[in-house]
1. Using a basic spin-label model with each label point 7 Å from the Cα along Cα→Cβ, how many nm lie between D:N300 and A:E239?
2. Positive end of the dipole of the stretch C:151-264, charges at C-beta (+1 Lys, Arg; -1 Asp, Glu), about the Cα centre: which of C:N188, C:L211, C:I170 has its Cα farthest in that direction?
3. If I take the Cα coordinates of the stretch D:146-229 and project them onto the principal axes, what are the three extents in Å, biggest first?
4. Which order do you get for B:Y313, A:Y164, D:Y72 if you rank them by accessible area with a 1.4 Å probe, largest at the top?
5. What residues from the stretch A:47-90 fall in the zone where the backbone N is under 16 Å from a label point 7 Å along the Cα-to-C-beta line of A:E99?
6. Give me the percent relative contact order of chain A, please, defined on Cα pairs under 8 angstrom at least 6 residues apart.
7. Ranked by accessible surface with a 1.4 Å probe, highest first, in what order do A:E89, A:E99, B:E298 come?
8. Just tell me which lysines come within less than 18 Å, Cα to Cα, of D:K309; anything on the same chain fewer than 8 places away is out.
4 protein chains.
Amino acid sequence: MAFFKKINQKARVSSNTGFGDNASSYGGRFLNKDGKANISKTGIGFFEKYSWFHSMLNVNGLNFFLIILGFYVAVNLVFAVIYYLIGVEHLAGMIAKTEPEKFLEAFFFSAQTFTTVGYGRISPSGFLTSGIAAFQALTGLLSFAVATGLMYARFSKPTAFIKYSQIAVIAPYKGITALMLRLAPYKNTTLTDAEAKLTLGLTIEENGKHLNRFFPMDLELEKVNALTLNWTLVHPITESSPLYGFSKEDFHNMPGEILVFLKAFDDMFSNTVVSRGSYTFREVVYGAAFNPMYHRDESNNMTVLDLGKLSDYREATL
Amino acid sequence: MAFFKKINQKARVSSNTGFGDNASSYGGRFLNKDGKANISKTGIGFFEKYSWFHSMLNVNGLNFFLIILGFYVAVNLVFAVIYYLIGVEHLAGMIAKTEPEKFLEAFFFSAQTFTTVGYGRISPSGFLTSGIAAFQALTGLLSFAVATGLMYARFSKPTAFIKYSQIAVIAPYKGITALMLRLAPYKNTTLTDAEAKLTLGLTIEENGKHLNRFFPMDLELEKVNALTLNWTLVHPITESSPLYGFSKEDFHNMPGEILVFLKAFDDMFSNTVVSRGSYTFREVVYGAAFNPMYHRDESNNMTVLDLGKLSDYREATL
Amino acid sequence: MAFFKKINQKARVSSNTGFGDNASSYGGRFLNKDGKANISKTGIGFFEKYSWFHSMLNVNGLNFFLIILGFYVAVNLVFAVIYYLIGVEHLAGMIAKTEPEKFLEAFFFSAQTFTTVGYGRISPSGFLTSGIAAFQALTGLLSFAVATGLMYARFSKPTAFIKYSQIAVIAPYKGITALMLRLAPYKNTTLTDAEAKLTLGLTIEENGKHLNRFFPMDLELEKVNALTLNWTLVHPITESSPLYGFSKEDFHNMPGEILVFLKAFDDMFSNTVVSRGSYTFREVVYGAAFNPMYHRDESNNMTVLDLGKLSDYREATL
Amino acid sequence: MAFFKKINQKARVSSNTGFGDNASSYGGRFLNKDGKANISKTGIGFFEKYSWFHSMLNVNGLNFFLIILGFYVAVNLVFAVIYYLIGVEHLAGMIAKTEPEKFLEAFFFSAQTFTTVGYGRISPSGFLTSGIAAFQALTGLLSFAVATGLMYARFSKPTAFIKYSQIAVIAPYKGITALMLRLAPYKNTTLTDAEAKLTLGLTIEENGKHLNRFFPMDLELEKVNALTLNWTLVHPITESSPLYGFSKEDFHNMPGEILVFLKAFDDMFSNTVVSRGSYTFREVVYGAAFNPMYHRDESNNMTVLDLGKLSDYREATL
């Protein structure tokens, strides 16, 4: 891989990315397209490996509901078995006649107890059944307390709501060229004090060994006071840029990866939100410029941001 | 618009406001009077555009209650239809005789199940009805879990509780003049480490093109340790101020806008709170000074801050 | 008040305390002993002045419970009146005979509906009564959602749990003297990155006018990595100290006030907590030194912090 | 203890660790192995000393459940006694005949009221019993509000989920030696902006007095942008290191302690999380190097972090 020698020797190296340096033991890309690190963990027990709370916050809404529904059915089955084994004669007001019907009615009594709806047509009478029903009502309330907490945590989870352009471009810029990519907030949130970092990740050959190397990519503007319209991240390809001297072919042939990290402050919740992205060199369009994506509205009183144009570009001669 | 040449050429330009530079495609004022950016978004689906959670936090209290009430009625109507279609003979204890009455009673049974009040005069008997009631009780508890989370999020939402003077003034200040505006905390909260920024926004002509330009306005004092009494933001109009050389007429004729940004720390919740404001040049009184707004109480033991005087000013010769 | 000339002319002045400069309109001490600013607010409506949420977080536990209890009784009275006016014949299962008893039973039915306990001995039958009961069950659940949020906010409220010594001392220190005061964390919390600020507040005469002046007081150590044992704040009275040259009599005669501000990070909640205190000159003991307040335990395996000794001092010759 | 003279005189001293300097009154190690400070507190009342909220967040899951269960049983016992003393004839629907059975049924009625399950087979009839039941339902809801808050606080509590290597090593490093220890995130959380500090704690003899002294230990890398794979903290033993000149025997004989402090940002919750650790000199392996703990997976598409190898080392000649 002789083209690794192409890397600009003047470029600064970043040693604090949290990824390993030893390329011979490192597999695959650094960040997945969704911004998560491309690693797995072993040597640790299943339950120790996962934070159930973090997991329940990450599953999608439908699965979240199905997990809760499954838990609800399972708990009621367990208690239905217990009530049935103790004897349904301790449940006053039963109308079922066959055994399966009796089990079913015990199941519904369990659900009525667990949710504390407690209609009372069926009610516990013996000591054991009454005690277990009292215990079940407690566990029901605690379970719904957990569900309340989970649901609050899910929808108050700090989220950046940022869209990235699907491609990055190498565009003309003040007499030289620059790598540009574009991002925009797409929801009715207010983001301020936004800060971006670009890092180039490459596997290079150094003294005969393959090593992962990371290069910080300077931005024309690293911070904006408010993320109101779109923001174009501009990395000027100066003599100190790690991309200095790269040709169109180099971008096609080299397995480089551009890591994007964004941090902003969500005013409404007083939360810091973060967002990550990744562009491989294949996702860089050489010789292109982004089209504008905002315009006046008809009344000339408001500015309109058109998110459908986030990845729109035209050809540009470098 | 020849008066744009009046802008002080020595003034620094700010490039990180998050607003676009291209005035020809930009419409209207930058910030609305309530501090929100004056933009709208297109090119994105309705549901993708809004964060329902942010939206529910922004509607006023009455609408919030009406939305919940509407949801409650709608859910109960849906379940009432289901119970009615399955057959009200599976609801033990019904007393209704006509069909509309039966539907109504099914509706009330639904409400009693959804809220888990479960009086039990009416209770489900068949398998299907019992199963749906068990499911409805679950959805009821989960719905109220969401409502609990929303309500907590609403009233724990970090809010600055800051009032701004309705006008800004150009006042005499240490031999020169200064633009001043005043703000004060008006609730029983404790704000510390307050930090303010002023920015001048203008549409100017540069090389024949109309461009939005933003100028940071230096403050005599950018931070206070505690926001206890009122705080007067003072921008001295020195030779490096973007307002240097402006006459009374300039303020009347030019379409400038002064953007205020305030950040403080709410001790009670350990939250950073932010507040934004905007003054057009029409809201600047030339040749005026604010009147004091605090005084001793009668017993001479306490200081009284009179918020009714926040915008009080007297004429002052420059 | 000629002794105001005693203030060290080399001392730096602090202009960002958030208190006003104009002493002639300022009344009383700056901070109350509990750390709250000694001001009141007028010119604003009662409901606009208070954040009910902040207020409910500040009342003590008993009052909080009584307010909730009062609200509960009031709501049930209102609904009892409504049910009674509609007619108790629409409440199936009533056993009361006299009118007062009927009202009482309507009240208890209301409570059973509001809390969703819904025994069902009494149950609504008519359309109007059933509808109102369905509405009341909704308001009940929402009210308890508010109570849940309030309670969570109350006990998760960031609190510093810091005790201050009742007095400050002027003690010998490295050949000169120093003002010292002592603080210690007293609960089972873990505070890190603690940071302290001392400010001297005085009303002084300048060019014939009385003005409030604030002087930052440099500390030997402004930050500690962890607030584990006690922390003695030491302000060395060097030539640049505002207290330089003060005699024992000056401390007795002058109306000075030392403002303490502490900020720390509570590890458990990942919250910044703050604490404020205030010492008038009368609370400064001239010529004293604090006694040690920690020692080994008997087994020599642990260090014991004795909070009862926080204000213990011995005389010391300056 | 003459070997204290071995401490490098050029090493900087840290005075802001929050631990006391006076070794003669200080007992035991500084930090326990779990990272908590090794101190206890006296001179303060039991209830003032503990924050019940912090305590409930620190007990393990089982004890937490048992405390809630105990509270539930206790409250119901108290109310059962009250209902029993008022007279069970005011509880309509009782079927018990003997006195113990009546008390039991009162207990179950209490549980049904407290959880608001309210079957209604038993229901209050008299004024006093009805009033107390109404009060109990209120306390029940408030208790479960507290439980909801506690549970949410427990599982949303910011936690670092970091594992430390069991030993630290003195390894060859760029021509000199370095103290190294290793840490790794072990759950499915995303930690960014991680920052580490190492401090050496020693009891030394200075001018004939025993004093605790703390020395900051410089790290090759103090911050990483993301804590993705393992992180090896490297303290190069240069001429300014407090460990400069220590032999293998010194590590065996001296009672030194290395304190680790880690701070990171949990992206998912937008929380700062902290972690602490402590290595005594006995836990330092002289002349060793850590083995790599990550490798490619078979498909060469992903990197695998093997947490089982966190403490794996090989011998290394210094």
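The values are calculated or read from the model by the stated rules, or taken from the named source; none is laboratory data. Keep in mind that what you see is a predicted model, and the values were worked out from it rather than measured. Backbone-built Cβ (ideal geometry, glycine too); neighbour counts: all protein chains shown. Ligands, DNA and RNA are stripped out before the accessible areas are found, and what is left, the full protein with its side chains, is counted by its heavy atoms. Shrake-Rupley method; radii C 1.70, N 1.55, O 1.52, S 1.80 Å.
1. Those two pseudo-labels are separated by 3.9 nm.
2. Final value for the positive-end residue is C:N188.
3. Principal extents (Cα only, largest first): 57, 37, 22 Å.
4. Details: B:Y313 100, A:Y164 50, D:Y72 15 Å².
Most to least solvent-accessible, the answer reads B:Y313, A:Y164, D:Y72.
5. A:81-89
6. Values: 515 pairs, mean separation 67.1, N = 318.
Averaging sequence separation for qualifying contacts and normalising by length gives 21 percent for chain A.
7. On the way: A:E89 130, A:E99 95, B:E298 190 Å².
Highest to lowest solvent-accessible surface, that is B:E298, A:E89, A:E99.
8. Within the straight-line limit of under 18 Å, D:K309 reaches these lysines: A:K41, A:K49, D:K163, D:K187.
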